[in-house]
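Derivation of every value follows stated rules applied to the coordinates shown; laboratory data play no part. It should be emphasised that the depicted structure is a prediction, and the values quoted were computed from it without experimental measurement. Positions of Cβ are backbone-derived with ideal geometry, glycine not excepted, and every protein chain shown enters the neighbour counts.
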Amino acid sequence: MIKEGLSFDDVLLVPRRSGILSRKDVFLGTRFSRGISLELPLVSANMDTVTEAKMARFMAEVGGIGVIHRFLSIEDQAEEVRKVKRAENIIIEDPYTINEESTIAEARKLMADFGVSGLLVKDSKDSLSGILTHRDLLFDGNDSKKIRTVMTKKVIFAPPKITIEKAKKIMHEHRIEKLPLVARSGKIKGLITLKDILKKTENPRSSKDKKGRLLVAAAVGVKEETEARARALLDAGVDVVVIDVAHGHSAKVFHTLKMLRKKFGDIEVIAGNVATPSAVRDIAKAGASGIKVGIGPGAACTTRVIAGVGIPQITAIIECAKAARRFKIPIIADGGVKNSGDLSKALAAGADSVMIGSLFSGTDEAPGEYVIENGAAYKFYRGMASYEAGKDKQDIDGTKDKFSRTPEGKSGRVHYRGPAKNVISELTGGLRSSMSYLGAHNLDQFRKNAEFIKITGSGYIEGTARN
Ligand code: XMP
């Protein structure tokens, strides 16, 4: 028997009676993994032409999440994670300090080098003794003076375990912009700045961890180095580890999942990629916190041509989502999204979030510069199983052998799209519209209300603009 498999362009969503008055009246919150919620169901792909720190930071700022690719040395990948965790940090755990016996000249240099407007001052016992800001230095021309003679000595501070709300109240009451966090012993344990709090209000939907830092995920493989890579990523503060292999329904993935659970306990681990309900069941039982679905739908994928293997993405999502629901485990639909209509169909079919590569790769936040050819601007995009990516990975690993695996991806270019916020607003605008056509205030309702209709070739043509 031959089963039928449908993809994005084979189906449409059936409109239904709607009580939605405004497209702003819909909520896009979702779950990325068992322990991580997002305000936006969008994930940037773990590909070297899509997600490094800049894209991951942007994705978290707008309420989604980015997965840092693994085609980097362990140290470099961990550093990309650290860059995201350091950004918009509400509690700075390791603030810049200076000794009270240092000079104004030294303080000026430190402030310029680190790009900060103030330093916490400590005494010989490493306890907080004052604070030094630009204001303290403004009218003091004598650079050889000691810090202790110019610093502000009366410092308002708080205990390390303070909540952001309480910190805000103290800063407002005392009209201060910096609040040091100090242990009973007098030792400096952190710093909260007004600037970071204000940034948080600018992006109220951003994805944050318990400490107020932006969320970030990172990919690992299933090789011997995986334990060391995962450890470095977790030490750097990564929130989710994503086991990323082409065929996720495999012994190596189960082994890696088991190893990660044994070594690191209750961390968030997503595994993939898969496309069948039996794979979802097996991976869920093996302890994954989320499952990535998609074999061959991606824009740079050639798996279906090279191996003749895959499942059209809408069918894969519907079947995998059904199996995942029984385990209450979120799924991420990965690949093949060409426009906001595809995004809407993926979510309506049962995906909890959607991973995107090609559409994001043309933006400023993706790695690499754009090039101009014949008056048009392009950026580079390549499949991670392409010949070119495989060769570069060998250089990173230090292996010089000829690249032997048959490539299952291609390398090319995409149109330059400017800032990623343009793509996000196109995608979310279309999704909100889709949800209002289906009378859904949130993604749960959207999935419940979704009815797909299979269309013919002429139905597809009818739906495309022909003017
Ligand atoms: P889109 O369509 O958003 O898809 O660009 C991104 C997803 O494509 C997958 N990917 C590959 N699949 N060969 C494949 O068969 C490859 O070389 C390849 N590189 C990426 C991946 O799942 C990604 O998230």
Legend entry - region 14-58 residues near the modelled I164 label - backbone nitrogen below 14 Å, point 7 Å along Cα→Cβ: 39
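Two-decimal Rg/Rh of region 97-202 from alpha-carbon positions, Kirkwood Rh? Before the final figure, lay out each step's value.
On the way: Rg = 13.9 Å, Rh = 14.3 Å.
Rg divided by Rh gives 0.97.
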Inset, instruction - Would you mind calculating the relative contact order of the chain from Cα pairs under 8 angstrom and at least 6 residues apart, reporting the percent as a whole number? - result: 21
Inset, instruction - Let me know the Kirkwood hydrodynamic radius for region 326-412, please, with Cα pairs as the basis and the value in Å to one decimal. - result: 15.7
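Going by average Cβ neighbours within 10 Å, how do the peptides 428-436, 58-66 rank, with the highest at the top? Let's see the in-between values first.
On the way: 428-436: 20.3, 58-66: 26.8.
The most tightly packed comes first, giving 58-66, 428-436.
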Legend entry - Length-normalised contact order of region 69-128 in % [C-alpha pairs under 8 Å, at least 6 apart]: 30
Inset, instruction - Can you pull the one-decimal nm distance between simple spin-label points at I372 and K109, each 7 Å off the Cα toward Cβ? - result: 4.3
Legend entry - Integer Hz, Karplus 6.51/-1.76/1.60 couplings in order for region 273-281, x for Gly and Pro: 9, 9, 8, 10, x, 5, 5, 4, 4
Inset, instruction - Assuming R0 = 30 Å, can you tell me the calculated FRET efficiency for the pair K125 and D235, based on Cβ-Cβ distance, to the nearest 0.05? - result: 0.55
Inset, instruction - Before rounding to the nearest 500, sum -39500 (n - 2.57) across all DSSP H runs of length at least 4 in the chain and divide by the residue total; then give [θ] at 222 nm in deg cm²/dmol. - result: -10000 deg cm²/dmol
Legend entry - Projected label distance in nm at E79 and Q445, using a 7 Å step from Cα toward the beta-carbon: 4.8
Legend entry - Gain upon complete extension [T406, K338; 0.36 nm per residue less C-alpha separation]: 21.9 nm
Legend entry - Under 5 Å, built H, 5+ apart or other chain: amide partners of R382: T49, G412
Legend entry - Gain upon complete extension [R17, E225; 0.36 nm per residue less C-alpha separation]: 69.5 nm
Inset, instruction - List, in order, the whole-Hz ³J(HN,Hα) value for each residue of region 213-221 obtained from phi through the Karplus relation with A = 6.51, B = -1.76, C = 1.60 and θ = phi - 60°; use x for Gly and Pro. - result: 8, 5, 7, 8, 10, 8, 8, 10, x
Inset, instruction - Using a 10 Å cut-off on Cβ atoms, rank the peptides 317-329, 408-420 from the highest mean neighbour count down. - result: 317-329, 408-420
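Hey, what does the equivalent ellipsoid look like for the chain, semi-axes from the Cα gyration tensor as sqrt of 5 times each eigenvalue, largest first, whole Å? Please report the intermediate quantities before stating the final value.
Details: eigenvalues 406, 131, 96 Å².
Semi-axes, largest first: 45, 26, 22 Å.
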Inset, instruction - Name the long-range amide H neighbours of I68: under 5 Å, sequence gap of 5 or more, or other chain; modelled H, no Pro or chain starts. - result: A217, A218, A219
Inset, instruction - Find the relative contact order for region 277-326 and round it to a whole percent, using C-alpha pairs within less than 8 Å whose residues are 6+ positions apart. - result: 46
Inset, instruction - With θ set to phi - 60°, apply the Karplus curve 6.51 cos²θ - 1.76 cosθ + 1.60 along region 55-72 and write out the HN-Hα couplings as whole Hz, x wherever there is a Gly or Pro. - result: 5, 4, 5, 4, 4, 5, 4, 8, x, x, 7, x, 10, 5, 5, 9, 8, 9
Legend entry - Entries in K322/K345; K223/K252; K258/K393; K109/K187; K189/K263; K379/K410 that, when Cα-Cα distance is taken, lie over 18 Å: K258/K393; K109/K187; K189/K263
Inset, instruction - Evaluate E = 1/(1 + (r/R0)^6) for S185 and N142, where r is the Cβ-Cβ distance and R0 equals 30 Å; express this FRET efficiency to the nearest 0.05. - result: 0.35
Inset, instruction - Please compute the Cα-Cα pair-distance distribution of region 252-299 with 10 Å bins starting at 0, giving whole percents from short to long. - result: 27, 52, 18, 2
